[in-house]
Amino acid sequence: MAGTVNITHTAGRAMDPPRHIAIIMDGNGRWAQKRGLPRTAGHKAGAETFRRIATYCKNIGVQYLTVYAFSTENWKRSEGEVSAIMGLLKRYLLEAVDTMEKDHIRLHFFGDMTPISPELRALAHETDEISAHLPEGDFQANVCLNYGGRDEILRAVRQFAADCAAGEKQPEDLDDAMFSGYLDSRGIPDPELIIRPSGELRLSNFLLWQCAYSELYFTDVLWPDFDEAELDRAIAAYQGRDRRFGGVKK
Ligand code: FPP
(Lines give C-alpha, C1' and ligand atoms only; values in the text may rest on other atoms or scores of the structure.)
Protein backbone atom coordinates (compact mmCIF):
# COMPACT_ATOMS: atom_id res chain seq x y z
CA MET A 1 0.00 0.00 0.00
CA ALA A 2 1.30 3.45 -0.90
CA GLY A 3 2.64 5.46 1.99
CA THR A 4 3.42 2.57 4.33
CA VAL A 5 6.84 1.92 5.78
CA ASN A 6 8.12 -1.57 6.43
CA ILE A 7 8.85 -1.83 10.10
CA THR A 8 12.31 -3.36 10.16
CA HIS A 9 14.72 -2.65 12.98
CA THR A 10 18.44 -3.14 13.16
CA ALA A 11 19.48 -4.27 16.60
CA GLY A 12 22.77 -3.23 18.16
CA ARG A 13 24.50 0.01 19.05
CA ALA A 14 23.36 2.97 16.94
CA MET A 15 26.44 4.62 15.43
CA ASP A 16 24.90 7.03 12.95
CA PRO A 17 22.80 10.02 13.99
CA PRO A 18 19.13 9.04 14.23
CA ARG A 19 17.28 9.28 10.95
CA HIS A 20 14.24 10.67 12.74
CA ILE A 21 14.28 12.76 15.94
CA ALA A 22 11.08 13.87 17.68
CA ILE A 23 10.95 16.62 20.30
CA ILE A 24 8.35 17.75 22.84
CA MET A 25 9.17 21.48 22.93
CA ASP A 26 8.40 21.90 26.64
CA GLY A 27 9.31 24.56 29.19
CA ASN A 28 8.53 27.76 27.27
CA GLY A 29 6.16 29.06 29.96
CA ARG A 30 8.60 28.43 32.82
CA TRP A 31 11.46 29.99 30.83
CA ALA A 32 9.40 33.18 30.47
CA GLN A 33 8.15 33.20 34.07
CA LYS A 34 11.73 32.91 35.36
CA ARG A 35 12.46 36.15 33.50
CA GLY A 36 9.30 37.93 34.60
CA LEU A 37 8.01 37.80 31.01
CA PRO A 38 4.59 36.73 29.71
CA ARG A 39 4.28 33.06 28.70
CA THR A 40 3.96 34.15 25.08
CA ALA A 41 7.56 35.45 25.19
CA GLY A 42 8.59 31.89 26.04
CA HIS A 43 6.79 30.55 22.97
CA LYS A 44 8.46 33.20 20.81
CA ALA A 45 11.86 32.11 22.12
CA GLY A 46 10.79 28.47 21.64
CA ALA A 47 9.96 29.12 17.99
CA GLU A 48 13.50 30.54 17.52
CA THR A 49 14.94 27.40 19.12
CA PHE A 50 12.91 25.28 16.70
CA ARG A 51 14.41 27.16 13.71
CA ARG A 52 17.90 26.71 15.08
CA ILE A 53 17.52 23.02 15.93
CA ALA A 54 15.83 22.24 12.59
CA THR A 55 18.76 23.83 10.74
CA TYR A 56 21.23 21.90 12.87
CA CYS A 57 19.39 18.59 12.32
CA LYS A 58 19.47 19.21 8.60
CA ASN A 59 23.20 20.02 8.69
CA ILE A 60 24.17 16.88 10.61
CA GLY A 61 22.18 14.58 8.34
CA VAL A 62 19.05 13.89 10.38
CA GLN A 63 16.30 13.34 7.80
CA TYR A 64 13.16 13.96 9.85
CA LEU A 65 12.51 16.25 12.80
CA THR A 66 9.05 16.04 14.36
CA VAL A 67 8.03 18.67 16.91
CA TYR A 68 5.02 18.91 19.20
CA ALA A 69 3.81 22.48 18.64
CA PHE A 70 0.18 22.30 19.80
CA SER A 71 -1.67 19.35 21.29
CA THR A 72 -5.36 18.42 21.18
CA GLU A 73 -5.36 19.42 24.89
CA ASN A 74 -3.66 22.82 24.44
CA TRP A 75 -7.00 24.48 23.57
CA LYS A 76 -7.54 24.59 27.37
CA ARG A 77 -5.03 27.48 27.53
CA SER A 78 -6.08 31.13 27.51
CA GLU A 79 -7.28 32.58 24.23
CA GLY A 80 -4.32 34.97 24.24
CA GLU A 81 -1.79 32.14 24.58
CA VAL A 82 -3.48 30.01 21.89
CA SER A 83 -3.57 32.90 19.43
CA ALA A 84 0.07 33.78 20.18
CA ILE A 85 1.14 30.20 19.32
CA MET A 86 -0.99 30.25 16.14
CA GLY A 87 0.56 33.63 15.27
CA LEU A 88 4.08 32.18 15.62
CA LEU A 89 3.13 29.26 13.39
CA LYS A 90 1.70 31.64 10.81
CA ARG A 91 4.90 33.66 10.84
CA TYR A 92 6.97 30.53 10.43
CA LEU A 93 4.84 29.31 7.52
CA LEU A 94 5.01 32.68 5.77
CA GLU A 95 8.78 32.54 6.04
CA ALA A 96 8.83 28.89 4.94
CA VAL A 97 6.85 29.60 1.77
CA ASP A 98 9.69 31.93 0.69
CA THR A 99 12.66 29.89 1.87
CA MET A 100 11.96 26.14 1.92
CA GLU A 101 12.68 25.59 -1.77
CA LYS A 102 16.04 27.34 -1.61
CA ASP A 103 16.94 25.71 1.74
CA HIS A 104 15.69 22.25 0.67
CA ILE A 105 13.43 21.89 3.70
CA ARG A 106 10.18 19.96 3.35
CA LEU A 107 7.36 20.68 5.80
CA HIS A 108 4.54 18.45 6.85
CA PHE A 109 1.79 18.64 9.49
CA PHE A 110 0.57 15.91 11.81
CA GLY A 111 -2.79 16.41 13.50
CA ASP A 112 -6.41 17.16 12.80
CA MET A 113 -6.34 20.46 10.93
CA THR A 114 -10.16 20.91 10.85
CA PRO A 115 -10.38 23.38 13.79
CA ILE A 116 -7.32 25.35 12.60
CA SER A 117 -8.00 28.77 11.05
CA PRO A 118 -8.60 28.79 7.27
CA GLU A 119 -5.67 31.18 6.87
CA LEU A 120 -3.22 28.81 8.58
CA ARG A 121 -4.68 25.83 6.72
CA ALA A 122 -4.21 27.60 3.40
CA LEU A 123 -0.57 28.28 4.29
CA ALA A 124 -0.09 24.65 5.32
CA HIS A 125 -1.56 23.62 1.98
CA GLU A 126 0.91 25.92 0.23
CA THR A 127 3.90 24.45 2.10
CA ASP A 128 2.58 20.92 1.34
CA GLU A 129 2.57 21.76 -2.37
CA ILE A 130 6.12 23.12 -2.25
CA SER A 131 7.25 20.06 -0.27
CA ALA A 132 5.75 17.75 -2.90
CA HIS A 133 8.11 19.27 -5.48
CA LEU A 134 11.23 18.79 -3.37
CA PRO A 135 13.23 15.53 -3.54
CA GLU A 136 12.16 12.88 -1.01
CA GLY A 137 15.67 12.71 0.42
CA ASP A 138 15.52 16.37 1.53
CA PHE A 139 15.27 17.14 5.23
CA GLN A 140 11.67 17.17 6.46
CA ALA A 141 10.23 18.96 9.49
CA ASN A 142 6.92 17.58 10.79
CA VAL A 143 4.95 20.02 12.92
CA CYS A 144 2.33 18.47 15.20
CA LEU A 145 -0.60 20.87 15.32
CA ASN A 146 -3.86 20.03 17.11
CA TYR A 147 -2.16 16.67 17.47
CA GLY A 148 -2.77 13.90 20.00
CA GLY A 149 -1.47 10.36 19.71
CA ARG A 150 -4.83 8.91 20.75
CA ASP A 151 -6.70 11.17 18.35
CA GLU A 152 -4.36 10.11 15.52
CA ILE A 153 -5.00 6.42 16.30
CA LEU A 154 -8.78 6.99 16.51
CA ARG A 155 -8.80 8.82 13.15
CA ALA A 156 -6.81 5.94 11.62
CA VAL A 157 -9.18 3.31 13.08
CA ARG A 158 -12.23 5.21 11.79
CA GLN A 159 -10.75 5.37 8.30
CA PHE A 160 -9.77 1.69 8.33
CA ALA A 161 -13.30 0.74 9.49
CA ALA A 162 -14.77 2.88 6.70
CA ASP A 163 -12.49 1.16 4.14
CA CYS A 164 -13.62 -2.24 5.46
CA ALA A 165 -17.27 -1.20 5.26
CA ALA A 166 -16.67 -0.11 1.66
CA GLY A 167 -15.16 -3.53 0.92
CA GLU A 168 -11.75 -2.03 0.14
CA LYS A 169 -9.98 -3.67 3.09
CA GLN A 170 -10.39 -6.87 5.10
CA PRO A 171 -10.00 -6.75 8.91
CA GLU A 172 -7.72 -9.84 8.88
CA ASP A 173 -5.27 -8.08 6.53
CA LEU A 174 -4.47 -5.39 9.08
CA ASP A 175 -0.87 -5.54 10.29
CA ASP A 176 1.69 -3.05 11.65
CA ALA A 177 2.69 -1.76 8.22
CA MET A 178 -0.88 -1.34 6.98
CA PHE A 179 -1.96 0.43 10.16
CA SER A 180 1.07 2.76 9.98
CA GLY A 181 -0.21 3.73 6.53
CA TYR A 182 -3.35 5.22 8.12
CA LEU A 183 -1.46 7.47 10.51
CA ASP A 184 -0.40 11.10 10.02
CA SER A 185 3.16 9.77 9.89
CA ARG A 186 2.51 7.44 6.93
CA GLY A 187 5.61 6.93 4.82
CA ILE A 188 7.89 8.24 7.58
CA PRO A 189 10.02 5.87 9.69
CA ASP A 190 9.34 5.80 13.44
CA PRO A 191 11.55 8.17 15.46
CA GLU A 192 14.64 6.45 16.82
CA LEU A 193 14.98 9.18 19.44
CA ILE A 194 12.36 11.21 21.33
CA ILE A 195 13.61 14.15 23.40
CA ARG A 196 11.69 15.93 26.13
CA PRO A 197 13.31 18.95 27.74
CA SER A 198 12.12 20.78 30.88
CA GLY A 199 12.38 17.93 33.38
CA GLU A 200 8.99 16.31 32.77
CA LEU A 201 9.20 12.52 32.47
CA ARG A 202 6.24 11.62 30.30
CA LEU A 203 5.16 11.47 26.67
CA SER A 204 1.93 13.50 27.00
CA ASN A 205 0.03 11.83 24.14
CA PHE A 206 2.93 12.26 21.68
CA LEU A 207 3.48 9.69 18.88
CA LEU A 208 1.91 6.86 20.90
CA TRP A 209 2.05 4.33 18.07
CA GLN A 210 5.39 5.45 16.64
CA CYS A 211 7.26 5.47 19.99
CA ALA A 212 7.11 1.65 20.41
CA TYR A 213 10.91 1.26 20.14
CA SER A 214 12.07 4.88 20.36
CA GLU A 215 14.89 5.69 22.73
CA LEU A 216 13.75 8.37 25.18
CA TYR A 217 15.96 11.23 26.34
CA PHE A 218 14.98 13.65 29.09
CA THR A 219 16.81 16.79 30.17
CA ASP A 220 16.05 19.55 32.68
CA VAL A 221 17.00 22.25 30.17
CA LEU A 222 13.98 24.36 29.16
CA TRP A 223 13.19 24.32 25.44
CA PRO A 224 14.17 27.97 24.72
CA ASP A 225 17.62 27.18 26.21
CA PHE A 226 18.01 23.95 24.22
CA ASP A 227 20.87 24.32 21.73
CA GLU A 228 23.12 22.38 19.37
CA ALA A 229 25.31 21.14 22.24
CA GLU A 230 22.20 19.78 24.00
CA LEU A 231 21.18 17.98 20.84
CA ASP A 232 24.70 16.53 20.51
CA ARG A 233 24.39 15.24 24.10
CA ALA A 234 21.03 13.63 23.34
CA ILE A 235 22.42 11.98 20.19
CA ALA A 236 25.52 10.76 22.06
CA ALA A 237 23.25 9.23 24.74
CA TYR A 238 21.22 7.56 21.98
CA GLN A 239 24.39 6.21 20.37
CA GLY A 240 25.35 4.67 23.70
CA ARG A 241 22.10 2.73 23.98
CA ASP A 242 21.86 -0.96 23.21
CA ARG A 243 18.86 -1.38 20.90
CA ARG A 244 17.46 -4.91 21.01
CA PHE A 245 13.86 -4.57 19.76
CA GLY A 246 12.77 -7.44 21.99
CA GLY A 247 15.69 -9.65 20.94
CA VAL A 248 18.75 -10.60 22.98
CA LYS A 249 22.17 -9.03 23.09
CA LYS A 250 24.50 -10.58 20.50
C1 FPP B 1 5.05 23.73 25.72
O2 FPP B 1 5.62 24.57 26.72
C3 FPP B 1 4.99 24.47 24.45
C4 FPP B 1 3.86 24.68 23.72
C5 FPP B 1 2.54 24.18 24.14
C6 FPP B 1 3.89 25.48 22.47
C7 FPP B 1 5.07 25.26 21.56
C8 FPP B 1 5.02 26.23 20.45
C9 FPP B 1 6.07 26.88 19.91
C10 FPP B 1 7.47 26.64 20.32
C11 FPP B 1 5.84 27.96 18.89
C12 FPP B 1 5.46 27.58 17.51
C13 FPP B 1 6.23 26.52 16.87
C14 FPP B 1 6.84 26.55 15.63
C15 FPP B 1 7.17 25.26 15.00
C16 FPP B 1 7.19 27.78 14.87
P17 FPP B 1 4.72 25.05 27.94
O18 FPP B 1 4.02 26.27 27.55
O19 FPP B 1 3.82 23.93 28.38
O20 FPP B 1 5.79 25.34 29.04
P21 FPP B 1 5.62 25.20 30.62
O22 FPP B 1 5.44 23.73 30.91
O23 FPP B 1 6.92 25.72 31.15
O24 FPP B 1 4.44 26.02 31.01
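With respect to Ser204, is the statement that it is out of contact with any His (no Cβ under 7 Å at 6 or more places or on another chain) and on the phi > 0 side of the Ramachandran plot true?
Details: out of contact with any His (no Cβ under 7 Å at 6 or more places or on another chain): yes; on the phi > 0 side of the Ramachandran plot: yes.
So Ser204 passes the test.
Which one is farthest from the ligand (Cβ to nearest atom), of the residues in segment 48-62 that are assigned to a helix (DSSP H, G or I) and surrounded by 19 or more Cβ atoms within 10 Å (Cβ to Cβ)?
Taking segment 48-62 first, the residues assigned to a helix (DSSP H, G or I) are 48-60.
Then drop every residue that is not surrounded by 19 or more Cβ atoms within 10 Å (Cβ to Cβ), which leaves 49-50, 53-54, 57.
Values: Thr49: 7, Phe50: 4, Ile53: 10, Ala54: 8, Cys57: 13 Å.
Among those residues, the one meeting the criterion is Cys57.
Examine segment 16-33 for a residue that is farther than 23 Å from Leu207 by Cβ, away from the ligand (no atom under 16 Å from the Cβ) and at pLDDT below 95, and state whether such a residue exists.
Within segment 16-33, none of the residues are farther than 23 Å from Leu207 by Cβ, away from the ligand (no atom under 16 Å from the Cβ) and at pLDDT below 95.
Considering only segment 63-82, I want to know if a residue exists there that is charged (D, E, K, R), modelled with pLDDT of 95 or more, under 30 Å from Leu154 (Cα atoms) and surrounded by 14 or more Cβ atoms within 10 Å (Cβ to Cβ).
Going through segment 63-82, the residues charged (D, E, K, R) turn out to be 73, 76-77, 79, 81.
So of that shortlist, the ones also modelled with pLDDT of 95 or more come out as 73, 76-77, 79, 81.
This time we only want the ones that are under 30 Å from Leu154 (Cα atoms), so: 73, 76-77, 79, 81.
If we keep only those that are surrounded by 14 or more Cβ atoms within 10 Å (Cβ to Cβ) too, we end up with 77, 81.
Checked against the condition, which is being charged (D, E, K, R), modelled with pLDDT of 95 or more, under 30 Å from Leu154 (Cα atoms) and surrounded by 14 or more Cβ atoms within 10 Å (Cβ to Cβ), segment 63-82 yields at least one hit.
Of the residues Ser78, Ser117, Ser131, only one is within 13 Å of the ligand (Cβ to nearest atom), without any contact (Cβ under 8 Å) to a residue 60 or more places away in the chain and polar (S, T, N, Q); which? Let's see the steps before the verdict.
Working: Ser117 fails: within 13 Å of the ligand (Cβ to nearest atom); Ser131 fails: within 13 Å of the ligand (Cβ to nearest atom).
Going through Ser78, Ser117, Ser131 in turn, just one is within 13 Å of the ligand (Cβ to nearest atom), without any contact (Cβ under 8 Å) to a residue 60 or more places away in the chain and polar (S, T, N, Q): Ser78.
Please go through segment 144-173 and give me each residue that is surrounded by 18 or more Cβ atoms within 10 Å (Cβ to Cβ), under 17 Å from the mean Cα position of the chain (by Cα) and at negative phi, ordered by number.
Taking segment 144-173 as the starting set, the residues that turn out to be surrounded by 18 or more Cβ atoms within 10 Å (Cβ to Cβ) are 144-149, 151-152, 156, 160, 169.
Now restrict to residues that are under 17 Å from the mean Cα position of the chain (by Cα): 144-149, 151-152.
The answer is Cys144, Leu145, Tyr147, Gly148, Gly149, Asp151, Glu152.
Of the residues Gly42, Gly36, which single one is outside any strand (DSSP E or B) and within 7 Å of the ligand (Cβ to nearest atom)? Before you say what the answer is, go through the steps one by one.
Numbers: Gly36 fails: within 7 Å of the ligand (Cβ to nearest atom).
Testing whether each residue is outside any strand (DSSP E or B) and within 7 Å of the ligand (Cβ to nearest atom) leaves just Gly42.
Scan Leu154, Leu222, Leu174, Leu201 and give me the residue that is within 16 Å of the ligand (Cβ to nearest atom), free of Cβ contacts under 8 Å to residues at least 24 places away in the same chain, farther than 18 Å from Tyr64 by Cβ and not charged (D, E, K, R). Explain how you work it out, then say what you get.
On the way: Leu154 fails: within 16 Å of the ligand (Cβ to nearest atom); Leu222 fails: free of Cβ contacts under 8 Å to residues at least 24 places away in the same chain; Leu174 fails: within 16 Å of the ligand (Cβ to nearest atom).
Exactly one residue qualifies, and that residue is Leu201.
Given the criterion modelled with pLDDT of 95 or more and in contact with a helix residue (DSSP H, G or I) (Cβ under 9 Å, 6 or more places away or on another chain), identify the matching residue among Gln140, Gln159.
Working: Gln159 fails: in contact with a helix residue (DSSP H, G or I) (Cβ under 9 Å, 6 or more places away or on another chain).
It is Gln140.
Does any residue in segment 88-103 that is of a type in the set (Lys, Arg) come within less than 9 Å, Cβ to Cβ, of a residue that is surrounded by 15 or more Cβ atoms within 10 Å (Cβ to Cβ) six or more places away or on a different chain, and which pairs are these?
Sorted first by the residue in segment 88-103, then by its partner, the pairs are Lys90/Leu120; Lys90/Leu123; Arg91/Ala47.
Out of the residues in segment 174-226 meeting the condition of being charged (D, E, K, R) and part of a strand (DSSP E or B), tell me which one is surrounded by the fewest Cβ atoms within 10 Å (Cβ to Cβ). Show your work before the answer.
Keep residues of segment 174-226 that are charged (D, E, K, R), which gives 175-176, 184, 186, 190, 192, 196, 200, 202, 215, 220, 225.
This time we only want the ones that are part of a strand (DSSP E or B), so: 196, 215.
Numbers: Arg196: 23, Glu215: 20.
Taking the candidates together, the pick is Glu215.
Just to be sure before I move on: is Ala122 part of a helix (DSSP H, G or I), farther than 26 Å from Gly61 by Cα, more than 14 Å from the ligand (Cβ to nearest atom) and not aromatic (Phe, Trp, Tyr) in the structure I sent? Talk me through it step by step, then tell me what you get.
On the way: part of a helix (DSSP H, G or I): yes; farther than 26 Å from Gly61 by Cα: yes; more than 14 Å from the ligand (Cβ to nearest atom): yes; not aromatic (Phe, Trp, Tyr): yes.
Yes; evaluated as a whole, the condition is true for this residue.
When only residues in segment 125-136 that are of a type in the set (A, V, I, L, M) and assigned to a helix (DSSP H, G or I) count, which is farthest from Glu95 (Cα to Cα)?
Kept after step one, since they are of a type in the set (A, V, I, L, M), are these residues of segment 125-136: 130, 132, 134.
Remaining after also requiring assigned to a helix (DSSP H, G or I): 130, 132.
Working: Ile130: 13, Ala132: 18 Å.
Among them, the one singled out is Ala132.
Could you please find all residues in segment 91-116 being at positive phi and either assigned to a helix (DSSP H, G or I) or surrounded by fewer than 16 Cβ atoms within 10 Å (Cβ to Cβ) (or both)?
Quick first cut of segment 91-116, residues at positive phi only: 104, 111.
Matches in segment 91-116: His104 only.
The values are calculated or read from the model by the stated rules, or taken from the named source; none is laboratory data. As the structure is a prediction and not an experimental result, all values here were calculated from the model. A quick note on method: Cβ atoms are made from the backbone with ideal geometry, for glycine too, and the neighbour counts reach across all protein chains shown.
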